[in-house]
Amino acid sequence: MNVPQYLSDDALMSAFRAASWADIEATALQRRFDRKFVLRDQQLSQVLAQVNGHYRLLPAKDKPLATYTTVYFDTPDMFMFRQHARGKRPRFKVRIRHYPDRQVSYLEVKEKTNRGETLKQRKQLPYGQEEIDAGHHAFIAKYTQLDPGSLRPLLTTNFKRLTLLDPVLGERVTSDIFLSFAIGGTSKDLSRLVITEIKQAGAFHRTPFIDALHDAGAHARSFSKYALGVAFLGLATRINAFRPAVRMIERLVHA
(Lines give C-alpha, C1' and ligand atoms only; values in the text may rest on other atoms or scores of the structure.)
Protein backbone atom coordinates (compact mmCIF):
# COMPACT_ATOMS: atom_id res chain seq x y z
CA MET A 1 0.00 0.00 0.00
CA ASN A 2 1.57 3.26 -1.17
CA VAL A 3 0.70 6.04 1.28
CA PRO A 4 0.82 9.49 -0.36
CA GLN A 5 3.18 12.01 1.19
CA TYR A 6 0.44 14.21 2.65
CA LEU A 7 -0.81 11.19 4.67
CA SER A 8 2.61 10.12 5.90
CA ASP A 9 3.24 9.98 9.63
CA ASP A 10 5.59 12.97 9.55
CA ALA A 11 3.27 15.14 7.47
CA LEU A 12 0.18 14.53 9.61
CA MET A 13 1.96 14.73 12.96
CA SER A 14 3.49 18.08 11.98
CA ALA A 15 0.22 19.50 10.59
CA PHE A 16 -1.98 18.65 13.59
CA ARG A 17 -1.42 18.64 17.34
CA ALA A 18 -2.19 15.36 19.09
CA ALA A 19 -5.51 15.32 20.94
CA SER A 20 -5.54 15.24 24.73
CA TRP A 21 -7.76 12.95 26.78
CA ALA A 22 -10.04 15.93 27.46
CA ASP A 23 -10.36 16.53 23.70
CA ILE A 24 -11.34 12.90 23.19
CA GLU A 25 -13.94 13.03 25.97
CA ALA A 26 -15.43 16.23 24.56
CA THR A 27 -15.96 14.59 21.16
CA ALA A 28 -16.98 11.04 22.12
CA LEU A 29 -20.41 11.56 20.46
CA GLN A 30 -21.95 8.13 20.98
CA ARG A 31 -25.20 10.02 20.30
CA ARG A 32 -24.81 12.31 17.33
CA PHE A 33 -25.88 13.69 13.98
CA ASP A 34 -23.61 12.85 11.07
CA ARG A 35 -23.12 13.76 7.44
CA LYS A 36 -21.00 11.93 4.84
CA PHE A 37 -18.97 13.36 1.97
CA VAL A 38 -17.30 11.44 -0.86
CA LEU A 39 -14.12 12.76 -2.47
CA ARG A 40 -10.94 11.77 -4.26
CA ASP A 41 -7.65 11.39 -2.46
CA GLN A 42 -6.31 14.57 -4.11
CA GLN A 43 -9.29 16.52 -2.78
CA LEU A 44 -8.53 15.31 0.75
CA SER A 45 -5.01 16.68 0.37
CA GLN A 46 -6.49 20.12 -0.41
CA VAL A 47 -8.92 19.91 2.51
CA LEU A 48 -6.26 18.95 5.05
CA ALA A 49 -4.00 21.79 3.90
CA GLN A 50 -6.88 24.24 4.40
CA VAL A 51 -7.77 23.06 7.95
CA ASN A 52 -4.14 22.74 9.05
CA GLY A 53 -3.96 23.89 12.67
CA HIS A 54 -7.72 24.02 13.28
CA TYR A 55 -8.09 20.42 14.48
CA ARG A 56 -6.47 17.93 16.87
CA LEU A 57 -5.26 14.55 15.63
CA LEU A 58 -6.46 11.35 17.32
CA PRO A 59 -3.62 8.86 16.74
CA ALA A 60 -3.69 5.08 17.03
CA LYS A 61 -0.69 3.73 18.92
CA ASP A 62 1.33 6.83 17.98
CA LYS A 63 0.35 6.43 14.32
CA PRO A 64 -1.95 9.01 12.67
CA LEU A 65 -3.86 6.42 10.62
CA ALA A 66 -5.81 3.69 12.39
CA THR A 67 -6.60 0.32 10.81
CA TYR A 68 -10.22 -0.92 10.87
CA THR A 69 -11.71 -4.27 9.88
CA THR A 70 -15.49 -4.62 10.16
CA VAL A 71 -17.75 -7.64 9.72
CA TYR A 72 -21.39 -6.71 9.01
CA PHE A 73 -24.24 -9.04 9.89
CA ASP A 74 -27.72 -9.31 8.42
CA THR A 75 -30.64 -11.72 8.28
CA PRO A 76 -30.90 -14.32 5.47
CA ASP A 77 -33.41 -12.05 3.67
CA MET A 78 -31.15 -8.99 4.27
CA PHE A 79 -33.72 -7.17 6.38
CA MET A 80 -31.32 -4.44 7.52
CA PHE A 81 -30.14 -3.69 4.00
CA ARG A 82 -33.73 -3.53 2.73
CA GLN A 83 -34.71 -1.15 5.54
CA HIS A 84 -31.82 1.12 4.59
CA ALA A 85 -32.71 0.97 0.89
CA ARG A 86 -36.27 2.03 1.71
CA GLY A 87 -35.15 4.85 4.00
CA LYS A 88 -36.97 3.31 6.97
CA ARG A 89 -36.41 4.66 10.49
CA PRO A 90 -35.54 3.52 13.01
CA ARG A 91 -33.09 1.19 11.29
CA PHE A 92 -30.09 -0.71 12.55
CA LYS A 93 -26.70 -2.09 11.65
CA VAL A 94 -25.06 -4.91 13.59
CA ARG A 95 -21.34 -5.43 13.18
CA ILE A 96 -18.16 -6.67 14.80
CA ARG A 97 -15.37 -4.14 14.45
CA HIS A 98 -11.71 -5.00 14.97
CA TYR A 99 -9.13 -2.38 15.93
CA PRO A 100 -5.79 -4.10 15.14
CA ASP A 101 -3.67 -1.19 16.38
CA ARG A 102 -5.12 -1.66 19.88
CA GLN A 103 -5.83 -5.39 19.56
CA VAL A 104 -9.47 -4.98 20.61
CA SER A 105 -12.80 -5.99 19.07
CA TYR A 106 -16.35 -4.83 19.76
CA LEU A 107 -19.82 -6.02 18.92
CA GLU A 108 -21.58 -2.81 17.86
CA VAL A 109 -25.18 -1.83 17.21
CA LYS A 110 -25.86 1.41 15.31
CA GLU A 111 -29.32 2.90 15.14
CA LYS A 112 -30.57 5.70 12.90
CA THR A 113 -33.49 7.18 14.83
CA ASN A 114 -36.66 8.82 13.56
CA ARG A 115 -35.03 12.20 14.37
CA GLY A 116 -32.02 11.38 12.20
CA GLU A 117 -29.68 10.82 15.14
CA THR A 118 -27.08 8.06 15.09
CA LEU A 119 -26.82 6.06 18.32
CA LYS A 120 -24.06 3.54 18.90
CA GLN A 121 -23.90 0.82 21.54
CA ARG A 122 -21.01 -1.58 21.86
CA LYS A 123 -19.77 -4.52 23.89
CA GLN A 124 -16.16 -5.69 24.00
CA LEU A 125 -15.31 -9.12 22.60
CA PRO A 126 -12.15 -11.22 22.65
CA TYR A 127 -9.89 -9.75 19.99
CA GLY A 128 -10.46 -11.34 16.59
CA GLN A 129 -13.83 -12.93 17.36
CA GLU A 130 -16.01 -12.85 14.26
CA GLU A 131 -19.12 -14.71 15.39
CA ILE A 132 -22.08 -13.57 17.49
CA ASP A 133 -22.60 -16.24 20.10
CA ALA A 134 -25.71 -16.86 22.20
CA GLY A 135 -24.21 -14.94 25.12
CA HIS A 136 -24.57 -11.71 23.14
CA HIS A 137 -28.15 -12.19 21.97
CA ALA A 138 -29.55 -10.23 24.91
CA PHE A 139 -27.34 -7.25 24.04
CA ILE A 140 -28.60 -7.19 20.45
CA ALA A 141 -32.23 -7.71 21.46
CA LYS A 142 -31.99 -4.82 23.92
CA TYR A 143 -31.08 -2.28 21.22
CA THR A 144 -32.76 -3.64 18.07
CA GLN A 145 -36.03 -5.11 16.85
CA LEU A 146 -34.21 -8.12 15.40
CA ASP A 147 -34.02 -11.81 16.19
CA PRO A 148 -30.35 -12.14 17.15
CA GLY A 149 -30.31 -15.83 16.26
CA SER A 150 -31.09 -15.01 12.63
CA LEU A 151 -28.01 -12.87 12.05
CA ARG A 152 -25.24 -14.11 9.77
CA PRO A 153 -21.94 -12.49 8.66
CA LEU A 154 -22.41 -10.99 5.20
CA LEU A 155 -19.74 -8.43 4.33
CA THR A 156 -16.26 -7.38 5.49
CA THR A 157 -14.79 -3.91 5.05
CA ASN A 158 -11.18 -2.83 5.49
CA PHE A 159 -9.85 0.72 5.59
CA LYS A 160 -7.52 3.18 7.26
CA ARG A 161 -9.03 6.06 9.22
CA LEU A 162 -7.79 9.57 9.93
CA THR A 163 -9.63 11.12 12.88
CA LEU A 164 -9.56 14.85 13.64
CA LEU A 165 -11.25 16.55 16.59
CA ASP A 166 -12.46 20.04 17.41
CA PRO A 167 -13.23 19.93 21.15
CA VAL A 168 -14.55 23.52 21.20
CA LEU A 169 -17.19 22.87 18.54
CA GLY A 170 -17.75 19.29 19.72
CA GLU A 171 -16.94 17.97 16.26
CA ARG A 172 -15.32 14.71 15.19
CA VAL A 173 -14.22 14.23 11.58
CA THR A 174 -13.25 10.82 10.22
CA SER A 175 -11.78 10.24 6.76
CA ASP A 176 -11.70 6.61 5.61
CA ILE A 177 -9.12 5.76 2.96
CA PHE A 178 -7.83 2.61 1.23
CA LEU A 179 -11.36 1.20 1.45
CA SER A 180 -12.15 -2.31 0.25
CA PHE A 181 -15.12 -4.68 0.51
CA ALA A 182 -14.92 -8.47 0.59
CA ILE A 183 -17.06 -11.58 0.82
CA GLY A 184 -15.40 -14.97 0.47
CA GLY A 185 -12.95 -14.73 -2.42
CA THR A 186 -14.66 -11.72 -4.02
CA SER A 187 -13.50 -8.18 -3.29
CA LYS A 188 -13.85 -4.60 -4.50
CA ASP A 189 -11.06 -2.07 -4.08
CA LEU A 190 -11.92 1.63 -3.74
CA SER A 191 -8.52 2.78 -2.52
CA ARG A 192 -8.62 6.10 -4.44
CA LEU A 193 -11.86 7.04 -2.72
CA VAL A 194 -12.22 8.93 0.57
CA ILE A 195 -15.35 8.84 2.71
CA THR A 196 -15.33 11.72 5.16
CA GLU A 197 -17.92 11.85 7.93
CA ILE A 198 -18.69 14.95 9.99
CA LYS A 199 -20.08 14.08 13.42
CA GLN A 200 -21.67 16.72 15.64
CA ALA A 201 -23.72 16.57 18.82
CA GLY A 202 -26.59 18.77 17.62
CA ALA A 203 -28.03 20.37 14.52
CA PHE A 204 -25.42 20.88 11.83
CA HIS A 205 -23.48 24.14 11.72
CA ARG A 206 -20.70 25.41 9.48
CA THR A 207 -17.19 24.55 10.58
CA PRO A 208 -13.73 24.95 9.03
CA PHE A 209 -13.78 21.35 7.80
CA ILE A 210 -17.19 21.67 6.14
CA ASP A 211 -16.06 24.90 4.47
CA ALA A 212 -12.92 23.16 3.21
CA LEU A 213 -14.96 20.24 1.83
CA HIS A 214 -17.22 22.65 -0.05
CA ASP A 215 -14.21 24.55 -1.39
CA ALA A 216 -12.76 21.26 -2.67
CA GLY A 217 -15.99 20.48 -4.53
CA ALA A 218 -17.16 17.66 -2.24
CA HIS A 219 -20.88 17.27 -1.62
CA ALA A 220 -22.83 15.57 1.15
CA ARG A 221 -24.20 12.12 0.27
CA SER A 222 -26.59 9.79 2.09
CA PHE A 223 -25.37 6.18 2.19
CA SER A 224 -23.53 3.70 4.39
CA LYS A 225 -20.37 1.71 3.70
CA TYR A 226 -22.39 -1.44 4.36
CA ALA A 227 -24.96 -0.56 1.71
CA LEU A 228 -22.24 0.41 -0.78
CA GLY A 229 -20.45 -2.89 -0.22
CA VAL A 230 -23.65 -4.84 -0.81
CA ALA A 231 -24.27 -2.89 -4.01
CA PHE A 232 -20.71 -3.12 -5.37
CA LEU A 233 -20.39 -6.85 -4.67
CA GLY A 234 -23.79 -7.66 -6.16
CA LEU A 235 -25.18 -9.15 -2.96
CA ALA A 236 -28.67 -7.75 -3.60
CA THR A 237 -30.69 -7.36 -6.78
CA ARG A 238 -32.72 -4.33 -5.76
CA ILE A 239 -30.24 -1.50 -5.29
CA ASN A 240 -32.07 1.30 -7.08
CA ALA A 241 -31.77 3.58 -4.05
CA PHE A 242 -27.98 3.33 -4.23
CA ARG A 243 -27.39 3.43 -7.99
CA PRO A 244 -26.73 7.21 -8.04
CA ALA A 245 -24.12 6.84 -5.29
CA VAL A 246 -22.53 3.85 -7.04
CA ARG A 247 -22.34 5.70 -10.38
CA MET A 248 -20.90 8.80 -8.68
CA ILE A 249 -18.26 6.72 -6.90
CA GLU A 250 -17.31 4.89 -10.09
CA ARG A 251 -16.81 8.25 -11.81
CA LEU A 252 -14.58 9.46 -8.98
CA VAL A 253 -12.53 6.28 -8.88
CA HIS A 254 -11.91 6.26 -12.64
CA ALA A 255 -11.53 10.02 -13.15
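The values are calculated or read from the model by the stated rules, or taken from the named source; none is laboratory data. The structure presented is a predicted model; accordingly, all values stated were derived computationally and were not measured. Here the Cβ is made from the backbone with ideal geometry for all residues, glycine too, and neighbour counts use every protein chain on show. Protein only, heavy atoms only, side chains kept; ligands, DNA and RNA dropped before computing areas. Shrake-Rupley method; radii C 1.70, N 1.55, O 1.52, S 1.80 Å.
Of the chymotrypsin sites (Phe, Trp or Tyr not before Pro) found in the range 40-122, no site is in coil according to DSSP while having at most 16 other Cβ atoms within 10 Å of its Cβ. Counting only DSSP H runs of at least 4 residues, each contributing -39500 (n - 2.57), and dividing by the residue count of the chain, the helix-based mean residue ellipticity at 222 nm comes to -7000 deg cm²/dmol.
Normalised by the empirical 2.2 N^0.38 Å for globular proteins, what value does the Cα Rg of the chain take?
Dividing the Cα radius of gyration by 2.2 N^0.38 Å gives 0.98.
With semi-axes defined as the square roots of five times the eigenvalues of the C-alpha gyration tensor, the equivalent ellipsoid of the range 135-255 measures 27, 22, 14 Å, largest first.
Between ASP147 and ASP211, the FRET efficiency estimated from the beta carbon spacing at R0 = 45 angstrom works out to 0.50. Taking ARG40, ARG206, ARG102 in turn, the Gaussian network model of the chain (Cα-Cα springs below 10 Å) assigns the largest fluctuation to ARG206. Bridging of LYS225 to lysines at a Cα separation below 19 Å is possible for LYS36, LYS88, LYS93, LYS110, LYS112, LYS120, LYS160, LYS188, LYS199, once same-chain residues fewer than 8 apart are set aside. Taking every protein chain into account, the accessible area of the range 27-112 amounts to 41 square angstrom per residue (probe 1.4 Å). Taking 7 Å steps out from each Cα toward its Cβ at ARG102 and ALA236 produces label points 3.0 nm apart.
With the charge dipole of the range 112-229 set up from +1 on Lys and Arg Cβ and -1 on Asp and Glu Cβ about the Cα centre, the Cα lying farthest toward the positive end among the listed residues PRO148, ALA182, LEU125 is that of PRO148. Considering only alpha-carbon pairs that sit under 8 angstrom and 6 or more positions apart, the relative contact order computed for the chain is 25 percent.
Label zone of ARG35 (point 7 Å out along Cα→Cβ, amide N under 14 Å): in the range 214-234 this covers 214-223.
Taking the longest Cα principal axis of the chain as reference, the axis of helix 41-51 is set at about 60 degrees. As a fraction of the 1.4 Å probe accessible area of the chain, surface on carbon and sulfur atoms comes out at 48 percent. For a test of the definition: using alpha carbon positions, the gyration tensor, and the 1.5 limit on a/c, classify the range 57-173 as rounded, prolate or oblate. Verdict is oblate for the range 57-173. Each label point was placed 7 Å from the Cα along the Cα-to-Cβ direction; for LYS61 and LEU119 their separation is 3.4 nm.
Rolling a 1.4 angstrom probe over the protein heavy atoms with all chains in place gives the range 128-238 an accessible area of 42 Å² per residue.
Please give me the summed charge of the neighbours of ARG82: other residues whose Cβ is under 11 Å from its Cβ, Lys and Arg +1, Asp and Glu -1.
Values: positive: ARG86, LYS88, ARG91, ARG238; negative: ASP74, ASP77.
Surrounding charge for ARG82 is +2.
For the range 103-255, the residue among VAL173, PHE139, ALA236 whose Cα projects farthest onto the positive side of the dipole built from Cβ charges is ALA236. In a reduced charge model with +1 at each Lys and Arg Cβ and -1 at each Asp and Glu Cβ, the chain shows a dipole moment near 860 debye about its Cα centre. Peptides 149-157, 119-127 ranked from most to least packed, by the mean per-residue count of other Cβ atoms within 10 Å: 149-157, 119-127.
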